[in-house]
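The values are calculated or read from the model by the stated rules, or taken from the named source; none is laboratory data. Since the structure is predicted, the reported quantities are computational estimates derived from the model, not experimental observations. Every residue, glycine as well, gets a Cβ built from its backbone with ideal geometry; the counts of neighbours run over all protein chains shown. Just the protein is used for accessible areas: all its heavy atoms, side chains included, with ligands, DNA and RNA removed. Shrake-Rupley method; radii C 1.70, N 1.55, O 1.52, S 1.80 Å.
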Amino acid sequence: MSLTQHHGGWVITLSFLLALALSIVPLPGLMEMLRPEWVTLVLIYWCMALPNRVSVGIGWLLGLVLDVLRDTLIGQYALALALVAFLTLHLHQRIRVFPLWQQALSIFVLTMLQNLIVLWIKGLTGHSPDFWSILPSAFTTMLVWPLIYLLLRQVRRAYHVV
Amino acid sequence: MRLLLLAALSITLMTLDQRTDYVRNIRSGIAVLVYPIQYLVSLPADFFDWTADAFASRETLQVNNDELQRENQALRSQLQKLTFIEAENRHLRELLQSSKRVGEKVLIAELLAVDLDPFSKVVVINKGDRDDLLYRGQPIVDARGVMGKLIHVNPYSSTAMLITDPNHAMPVQVLRNGLRAVAVGHGQDGLLEIPNLPNNADIKVGDLLVTSGLGCVFPAGYPAARVTEVTTNPALPFARIRAEPIAWLDRSREVLLVWPAVSDLPQMANPCKFEVEEVP
């Protein structure tokens, strides 16, 4: 038991559910390639803001759900998101004090890492997608980060999620 | 430490999922949990369809109705001939002592308007093994031609791989002359490749490719694709042939699940029968 009282678990859950829903909203044609990795963004935010609440295990479970939602090999996104959560938890004190644009750059690196793992597993188990096809989503994820960060910070303060 | 444990667990799960059928229950379980999300996401699209239906003007409906009636007339007149031809065909097949063609069972399902994995061509349908005895590998078609086959059957929904998925290959034959080939997906919408046909193969732009029934997944005779490009380069061992799926892969909302009918050949059991009946 930690000394501080935990509040607002439902806010975290709801934000994860929304991110999961956003990651399967239909987009026309090539726009699909530009879809930001919403789940990764939200996961990184909570890992950074509340490292004592969101753990590697939660990232892994989230990845498992994403695997089923996207109908990929079970464990693929689980592995990638667990790694992303782990790295964010290790670096959260550093990333927290970065200015927003530097944070966004770290998000780019983390998303690329996630996409690379997915690409690598796809390559091992069947047809490998083009390397360049994983860049656009990492790029848009980076661009969306400031928005998500400010929004979730507002939400976190408004609902006193600690 | 925990990361290593989870990584090992992920790799185990992936291996099991790739090589065996053991994790099917895990997938089904989570699929039931996430089905509400998929359903909610597809609601707006359903709602637009519904409003379009509900607020269509009388004129539009009348025009539609006229069109459908004309089409129905035309189809009926074709059907009259078809019953005769079918009877004749059966009779001739009996004379030749070859296998009988029996009717196939179909079930209508709807696609959910959701995007899945960006790197593959997969769709979700709103029927699962709660509704009917769906099975893995079951073909789905739309009103025009073959769309794909089921890859995962969950209690309330199933996912199907489209024929344009880069991991999908389908045995086909040219309707004009029976030339057999394999149509492989390319990962792009509306593009199939026909690899490994020699430069002098008798295949032309505009040829209709139908499923050949080899491989026992797709029943024979469904329209699959139309050849759009044949490039022969003497420097290369094989011709470069591309085709376009007949089915409206990105526009169909309603699909048909097909249970292929198999009957015994006179001399031996139909080799496809085993595969179809083996899966529950």
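Key figures for this structure:
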{"item": "Some residue of the range B:191-199 being of a type in the set (A, V, I, L, M, F, W, C), modelled with pLDDT of 85 or more and open to solvent by 50 Å² or more (accessible area, probe 1.4 Å)", "result": "no"}
{"item": "Among the candidates A:L81, A:L113, A:L105, A:L87, residue that is open to solvent by less than 50 Å² (accessible area, probe 1.4 Å) and part of a helix (DSSP H, G or I)", "result": "A:L81"}
{"item": "Verdict on A:S128 being among the small types (G, A, S), in a loop (DSSP other than H, G, I, E, B) and out of contact with any His (no Cβ under 8 Å at 6 or more places or on another chain)", "result": "yes"}
{"item": "Verdict on B:T20 being more than 14 Å from chain A (Cβ to nearest Cβ), β-branched (V, I, T) and over 26 Å from A:A85 (Cβ atoms)", "result": "no"}
{"item": "Whichever residue in the range B:33-44 is in contact (Cβ under 8 Å) with a residue 60 or more places away in the chain and within 7 Å of chain A (Cβ to nearest Cβ) and, among such residues, is farthest from A:V68 (Cα to Cα)", "result": "B:V41"}
{"item": "Tally, over the range B:8-32, of residues that are small (G, A, S), open to solvent by less than 50 Å² (accessible area, probe 1.4 Å) and without any contact (Cβ under 8 Å) to a residue 40 or more places away in the chain", "result": "2"}
{"item": "Restricting the range B:209-247 to residues that are among the aliphatic types (A, V, I, L, M) and part of a strand (DSSP E or B), the residue that is most open to solvent (accessible area, probe 1.4 Å)", "result": "B:V230"}
{"item": "Members of the range A:122-158 that are open to solvent by 90 Å² or more (accessible area, probe 1.4 Å), more than 22 Å from A:H92 (Cβ to Cβ) and within 17 Å of the chain's Cα centre (by Cα)", "result": "A:F139"}
{"item": "Scan of the range A:53-63 for residues that are open to solvent by 10 Å² or more (accessible area, probe 1.4 Å), at the interface with chain B (Cβ under 10 Å from one of its Cβ atoms) and part of a helix (DSSP H, G or I), ordered by number", "result": "A:V56, A:G57, A:W60, A:L61"}
{"item": "Residue, farthest from A:Y149 (Cα to Cα), within the range A:3-52, restricted to residues that are more than 13 Å from chain B (Cβ to nearest Cβ), open to solvent by 60 Å² or more (accessible area, probe 1.4 Å) and not in a helix (DSSP H, G or I)", "result": "A:L3"}
{"item": "Total residues in the range A:33-44, condition under 8 Å from the mean Cα position of the chain (by Cα) and of a type outside the set (A, V, I, L, M, F, W, C)", "result": "2"}
{"item": "Of residues in the range A:131-162 being away from every other protein chain (no Cβ under 14 Å) and either outside any helix (DSSP H, G or I) or of a type in the set (V, I, T) (or both), the one nearest to A:R53 (Cα to Cα)", "result": "A:V162"}
{"item": "Matching residues in the range B:173-185 - criterion: being closer than 19 Å to A:T125 by Cβ and either open to solvent by less than 30 Å² (accessible area, probe 1.4 Å) or assigned to a loop (DSSP other than H, G, I, E, B) (or both)", "result": "B:G185"}
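A quick yes/no check of all residues on (1) under 30 Å from B:N25 (Cα atoms); (2) not polar (S, T, N, Q):
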position	(1), (2)
B:L162	yes, yes
B:D165	yes, yes
B:P171	no, yes
B:V182	no, yes
B:T211	no, no
B:A220	no, yes
